[in-house]
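Everything on this sheet refers to the single structure shown next.
The values are calculated or read from the model by the stated rules, or taken from the named source; none is laboratory data. Note that the structure is predicted; figures quoted are calculated from it, not measured. Heads up, the Cβs are rebuilt from the backbone with ideal geometry, glycines too, and the neighbour counts pull from every protein chain shown.
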Amino acid sequence: MEADPDRIVADGQLTMTDASWEQAKSRAAVIGALAKRRVTGIAAADEAAMKLGVSRRHVYLLLGRYRQGSGLVTDLALHRSTGGKGGNRLPEQVEEIVRGLIRRRFLTRQKLSVAALHREIIRACGLQGVKPPTRNTVSRRISMLNPVEVGRRREGPDAVRPLQSAGGDVSMIRSILEQVQIDHTVIDVVIVDERERQPIGRPYLTVAIDVFSRALVGLVLTLEPPSAVSVGLCLAHAVADKRPWLEHLGVEAEWPMSGKPKSLFLDNAAEFKSEALRRGCEQHGIHLSYRPLGQPHYGGIVERVIGTAMRKIHELPGTTFSSPEERGRYDSERMAALTLPELEKWLALAVASYHGSKHSTLGQTPAAVWAAGITATGMPAVTANQTAFLVDFLPVIRRTLTRTGFVIDHVHYFANALKPWISRRDSLGQFIIRRDPRDISRIWVLEPDGHHYVEVPYRSISNPSVSLWEHRQALTRLRERGAAQVDEATLFRMIDQMRQVSDTAVKTTRRLRRETERRKQAKDPHHPGTQSSQIPPTLAVPADGESGKETAVQPFEQIEEW
């Protein structure tokens, strides 16, 4: 039999260079996929050999070593020196104790903790008269285990389905922001308006979670149903420094998890397949992948976090619980007490608490895993201008330029920046325009060269900021009254009349109170992704690679009990 030239004899990651560690991870990805097959044929072995740059026989040697080991990345590391005198490897006797107890005691349904495992290793080493490893060494060994194999052995096969790809193979996530999952939910609590503190219904939550660290990187609370804008707002929150937002909320907490994701994993809802999201991700080099149809268990990591959050929210006043049966005779609207900003503050505190709580699957806190990821890969790219980032994810409209600017749904837009294009408008064709449905008082027009967006406001500066929802309601009212033609002046007069009715009826009508809060939220410059009045007139298209009543917060515990 051919000798195994790469047999590992050193103490794993502790004595490996960065290059060796990266090569071992690459090997684990290829060999781990082969190991799941009952039989590895010559064709599959040759394909793996091509990927790894080794011989077919060497592939079989690596495969045997991987199956005999504990699923460690270091099982496939390059041959290293034993270290000699003063080397920092574990003695072979201690190595066998650690590996054996990990396999027999940690990778079982008993779900022994790392601390308990370390105590057993100390006892076993004491019986054999050898020096035990430190707990940090044991923890590092655990962190190098295949997460799917750990979950399968400790929790069962159903628990690891969310970690698997569409083809059933392991989706190996090796670094922070390598994959981010996003999902929405309606929150199980009724909130109140800020003026009268009367109930206005349930808000919507959109969250983004980093799969590698299980840290939440983005969160948006809105009164709007889930849409492409919700996704854009959540992404804008994820890529920005969260300190200004936390200061605005009055929250003294750490939330350092920010950065542009390398890929998004989403379900098949319409808002996740919009042109706005697709073009935005292409612009920023973010890969999009979707949950396989008919296989709802894929992508369950973010859903588990949302489910845990809802259980904590059931402790808040005004909760609707998960079902009428669970709610019983509890009057959610009468007990409602929190405004939207107060609920947002509660969520921010709860997320900070969750990041500092030990994760049952990771064996450490999400904050610690995130910090380790920063050490390994460096600080991720963070945007300094959320609005510029958000524009790339707003709904797309195409219009031709006229001598007076653009006309969109009976509303005229103009800026001096358009003048150089007007004279040659016939040769330019249709422009790509982005519009925020929450506030249509301005649009962003992509320059003909495709490098910058130009902000273009209403042509008539006397018109108020309105949402697309108000705009459409006004059009509906005008048509109901038999208006044969609609012009801009008529449209905004109808919007003004609707707002006057809203202001007089807001004390008694929950729907109108809710609409008032929606308008207020859209104008809040501190809300994640919301437009500020201090937006620069020209937005560069990023190049690739770039107070009220407080409620006690309890930490999110036992997220994803796998």
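Is it the case, given these coordinates, that His297 is assigned by TED's automatic domain parsing to the domain that holds Val231 and at pLDDT 80 or above?
Taking the combined requirement at face value, the residue does not satisfy it.
Checking the condition touching a Lys or Arg at 6+ places or on another chain (Cβ under 6 Å) and either more than 24 Å from Glu155 (Cβ to Cβ) or at pLDDT 70 or above (or both), which residue from Leu34, Leu101, Leu76 passes?
Leu76
From the residues in the stretch 372-381 that are of a type outside the set (Ser, Thr, Tyr) and surrounded by 14 or more Cβ atoms within 10 Å (Cβ to Cβ), which one is nearest to Val445 (Cα to Cα)?
Looking at the filtered set, the residue picked out is Ala381.
Residues of the stretch 427-440 being surrounded by 17 or more Cβ atoms within 10 Å (Cβ to Cβ) and more than 28 Å from the chain's Cα centre (by Cα), which ones?
Phe431
Which numbered condition trips up Phe393, out of (1) exposed (fewer than 15 other Cβ atoms within 10 Å of the Cβ); (2) at pLDDT below 90?
(1)
Checking Leu249 against (1) surrounded by fewer than 23 Cβ atoms within 10 Å (Cβ to Cβ); (2) touching an Asp or Glu at 6+ places or on another chain (Cβ under 6 Å), which single condition isn't satisfied?
(2)
Would you check which residues across the stretch 38-50 are of a type in the set (D, E, K, R) and either modelled with pLDDT of 75 or more or touching a Ser or Thr at 6+ places or on another chain (Cβ under 7 Å) (or both) and list them?
Selection gives Asp46, Glu47.
Quickly run through the stretch 179-197 and pick out the residues that are farther than 20 Å from Val229 by Cα and either at pLDDT 85 or above or among the β-branched types (Val, Ile, Thr) (or both).
Gln179, Asp188, Val189, Val190, Ile191, Val192
Output the helices (runs of 4 or more DSSP H) that fall wholly within the stretch 453-535 and possess 1 or more residues being of a type in the set (A, V, I, L, M, F, W, C), modelled with pLDDT under 80 and surrounded by fewer than 19 Cβ atoms within 10 Å (Cβ to Cβ), or say none.
Those helices (runs of 4 or more DSSP H) span 488-505.
State yes or no: is Ala215 among the small types (Gly, Ala, Ser), touching a strand residue (DSSP E or B) at 6+ places or on another chain (Cβ under 9 Å) and modelled with pLDDT of 90 or more?
yes
Of the conditions (1) more than 32 Å from the chain's Cα centre (by Cα); (2) of a type outside the set (A, V, I, L, M, F, W, C); (3) closer than 23 Å to Val138 by Cβ; (4) at pLDDT 75 or above, Arg7 clears all except one; give me its number.
(4)
Just to be sure, is Asp409 at pLDDT below 90, more than 28 Å from the chain's Cα centre (by Cα) and not basic (Lys, Arg)?
no
What pairs can you find where one residue is in the stretch 312-324 and surrounded by 15 or more Cβ atoms within 10 Å (Cβ to Cβ), the other is among the β-branched types (Val, Ile, Thr) and assigned to a strand (DSSP E or B), and their Cβ atoms are less than 6 Å apart, with a gap of 6+ or different chains?
Going by the 6 Å Cβ cut-off, the qualifying pairs are Ile313/Val189; Leu316/Val189; Gly318/Val189; Thr319/Val189.
Testing Arg327 on (1) touching a Pro at 6+ places or on another chain (Cβ under 8 Å); (2) surrounded by 15 or more Cβ atoms within 10 Å (Cβ to Cβ); (3) over 18 Å from Trp245 (Cβ atoms), one condition comes back false. Which one is that?
With respect to (1) touching a Pro at 6+ places or on another chain (Cβ under 8 Å); (2) surrounded by 15 or more Cβ atoms within 10 Å (Cβ to Cβ); (3) over 18 Å from Trp245 (Cβ atoms), Arg327 is out only on (1).
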